[in-house]
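Report on the structure given below.
The values are calculated or read from the model by the stated rules, or taken from the named source; none is laboratory data. All values reported here derive from a predicted model rather than from experimental measurement. Glycine also receives a Cβ, built like all others from the backbone with ideal geometry; neighbour counts cover every protein chain displayed.
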Amino acid sequence: MAERHDFCFLMCMKRSWFFFAGLVSVLLMHACTPHYDAEEDMTVLRYNEDQNITSLDPVYARNQANIWGVTQLYNSLVELDEELRVQPAIARSWDISDDGLVYTFILRDDVYFHDDECFPDNKGRRVVADDFVFSLNRLTDPSLNAPGAWVMNQVGRKPDGMLDIVAPEDTLLKIRLDSPFPAMLSLLSMQYCAVVPEEAISLYGRNFRRNPVGTGPFRFAYWKEGVKLVYRRNEEYFEFDGDQRLPYLDAVSIRFIQDRQTAFLEFIQGNFDLLTRIDPSYQDELLTPDGQLQPRYEDKLEMITMPFLNSEYLGMVMNEDKLPDDWPLRYKKVRQAINYGFDRVKMLRFMRNNIGTPAHSGFVPIGIPGFTENTGGYHYDPDKARQLLADAGYPAGEGLPVITLHTTQAYQDIAQYIQFELSRLGIPLDIDVMPPATLREMMANADAPFFRGSWIADYPDAENYLALFHSANKTPAGPNYTRFHNETFDYFYDQALSETEDSLRYAIYHKMDSLIIREAPKVFLYYDQSMRFVHAHVENMTNNPLNHLVLKRVKIDQHKMSVQK
């Protein structure tokens, strides 16, 4: 027990030292950097995006930075609320045929594109159903190589190769699927499916990425890439809060400071209104060991936190010819032993200040609507781990070759914790730290037999997680990075896709997750938790388990802001 405590204590001291050293350098640098904000006389929400934004075209809304950027500019047919329930957006209502194949949408007639020079007299026109026919077909245009093209995989094709989407009237849209897909409405809420005007695509072509024209609560104003992006209020936005037309804010200002310590100091000094993520370099400054806001910030900041549909794991490649003959993770009992061999509760407490939930319940995370938590997962049980190793022919780890865990620098501390814990069982673990892009490529090609990974939900349905184990997704382009293949699992997966009754489908999902727990192609680490921090003058900031950033109802209390200053 003392050894484990010493390891965690040293890791926490190391993290605190890095923050202190960074704090001094950041303060010196900040003293030489003038603050500039062209929107000082407006109600502006200011935040930093350290991951940069590469495109404001919704068909490229693949990562969180791009998704948040385009969310403010566009609308889709439907959207998700804070409970991940599908709500109307541009579609007023919809109907699904009894066989689950035809989706009929009735559209609003009061939604207009932003004013832009692509339209006559620079005046945005009304959105009609044909705009969705164009936008959703554009998503599948091979020349764009859009990462979200897969969203339309469920939609049928007409003889001319176009999607089976028709617009009989300006406010009527019909989408026909090839086969039932119960999560289709959730897919249509994604930013990939946002409506764009054909006139803007014709005028700007590839440059639409930095000349966006949407329907959202904010419109594009200014972008110096890698430095600053500004949105202005859309005065013609179609949504209201009572009698008040949304949004409340006059503008949104986004900076692109890559150093997270620098951005944190800017936030603490009041130059940003919103802090969107926790970094190990300053999490002890902001949070107590139990994950609560430090008392010195309680009167100044609000912490907004909830489960985030992100499962963190270690993946183990199976059924690959390229694996060495003595690869021990071929054996289920060795994989199970690793799952029992470390304490997830202590890992989260000492490595992440209790941000997240130990993954004791399988791969499908907490927060998926309608999914019952699985009680058959893994807890810390070193005696059981030792017995499993002995049963597999490796008593006390004897005969085990060194196993290399491939990871990135951001997760090196967790990898070292697991390395230390498994060494107590006789499992020799080596750690190979590499750039994220390199690791992703190795995972796709099964060149990283033991790797750290994570899966963030694209849409709120357990199928999105369970698809990682379907044998059809074993290709380099698919998400089955472990190359897992189980005929029973595949049967359940196909059965679930054809089941339109939610309760029956959820029961099948539960069987699938239980099977994954037993076979253990992954080491389940934790289910993530999103954390946002805002200053006291920011009101109505919300979140949901997909970690969406929706700013249309956010307000700035100017009186509180002046008091704080």
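Structural remarks
- Filter pass, Arg219 being modelled with pLDDT of 95 or more, surrounded by 21 or more Cβ atoms within 10 Å (Cβ to Cβ) and assigned to a strand (DSSP E or B): yes
- Sub-6 Å Cβ pairs linking a first residue in the range 486-506 that is at pLDDT below 90 to a second residue that is in a helix (DSSP H, G or I), at least 6 apart or interchain, are Glu499/Arg505, ordered by first then second residue.
- Selected residue (only one of Leu203, Leu229 is modelled with pLDDT of 95 or more and either in contact with a Lys or Arg (Cβ under 7 Å, 6 or more places away or on another chain) or assigned to a helix (DSSP H, G or I) (or both)): Leu203
- Output for the range 113-164, where each listed residue is of a type in the set (Ser, Thr, Tyr) and either touching a residue at least 40 places away in the same chain (Cβ under 8 Å) or surrounded by fewer than 20 Cβ atoms within 10 Å (Cβ to Cβ) (or both): Ser135, Ser143
- Extreme residue, farthest from Glu82 (Cα to Cα), among residues of the range 349-377 that are assigned to a helix (DSSP H, G or I) and either at pLDDT 95 or above or of a type in the set (D, E, K, R) (or both): Arg349
- Selected residue (criterion: nearest to Met351 (Cα to Cα)) from residues of the range 244-268 that are part of a loop (DSSP other than H, G, I, E, B) and at pLDDT below 95: Asp259
- Members of the range 416-439 found to be out of contact with any His (no Cβ under 9 Å at 6 or more places or on another chain) and surrounded by 15 or more Cβ atoms within 10 Å (Cβ to Cβ), listed by number: Gln416, Tyr417, Ile418, Gln419, Phe420, Glu421, Leu422, Arg424, Leu425, Gly426, Ile427, Leu429
- Note on the range 456-465: among residues that are among the hydrophobic types (A, V, I, L, M, F, W, C) and buried (at least 22 other Cβ atoms within 10 Å of the Cβ), the one that is farthest from Leu314 (Cα to Cα) is Ala462.
- Taking the criterion of being more than 23 Å from the chain's Cα centre (by Cα), surrounded by 21 or more Cβ atoms within 10 Å (Cβ to Cβ) and either free of Cβ contacts under 8 Å to residues at least 12 places away in the same chain or within 25 Å of Arg532 (Cβ to Cβ) (or both), the only residue of the range 349-383 that qualifies is Phe350.
- Assessment of the range 165-172 against the conditions (buried (at least 19 other Cβ atoms within 10 Å of the Cβ) and within 26 Å of the chain's Cα centre (by Cα)) yields no matching residue.
- Any hit, the range 378-395, residues being acidic (Asp, Glu) and either in a strand (DSSP E or B) or modelled with pLDDT under 95 (or both): no
- Residue count, the range 121-179 (criterion: among the charged types (D, E, K, R), within 20 Å of Arg206 (Cα to Cα) and part of a loop (DSSP other than H, G, I, E, B)): 1
- When Asn547, Asn473, Asn543 are checked against the criterion of being without any contact (Cβ under 8 Å) to a residue 40 or more places away in the chain and among the polar types (S, T, N, Q), Asn473 stands alone in meeting it.
- Qualifying residue in the range 436-446 (condition: part of a helix (DSSP H, G or I), among the basic types (Lys, Arg) and at pLDDT below 95): yes
- Residue selected from the range 498-522 under the condition out of contact with any strand residue (DSSP E or B) (no Cβ under 9 Å at 6 or more places or on another chain) and in a loop (DSSP other than H, G, I, E, B), by the criterion surrounded by the fewest Cβ atoms within 10 Å (Cβ to Cβ): Glu501
- Taken as a whole, the structure leaves Leu468 outside the set of residues that are buried (at least 22 other Cβ atoms within 10 Å of the Cβ), under 30 Å from Asp243 (Cβ atoms) and either without any contact (Cβ under 8 Å) to a residue 24 or more places away in the chain or of a type in the set (A, V, I, L, M) (or both).
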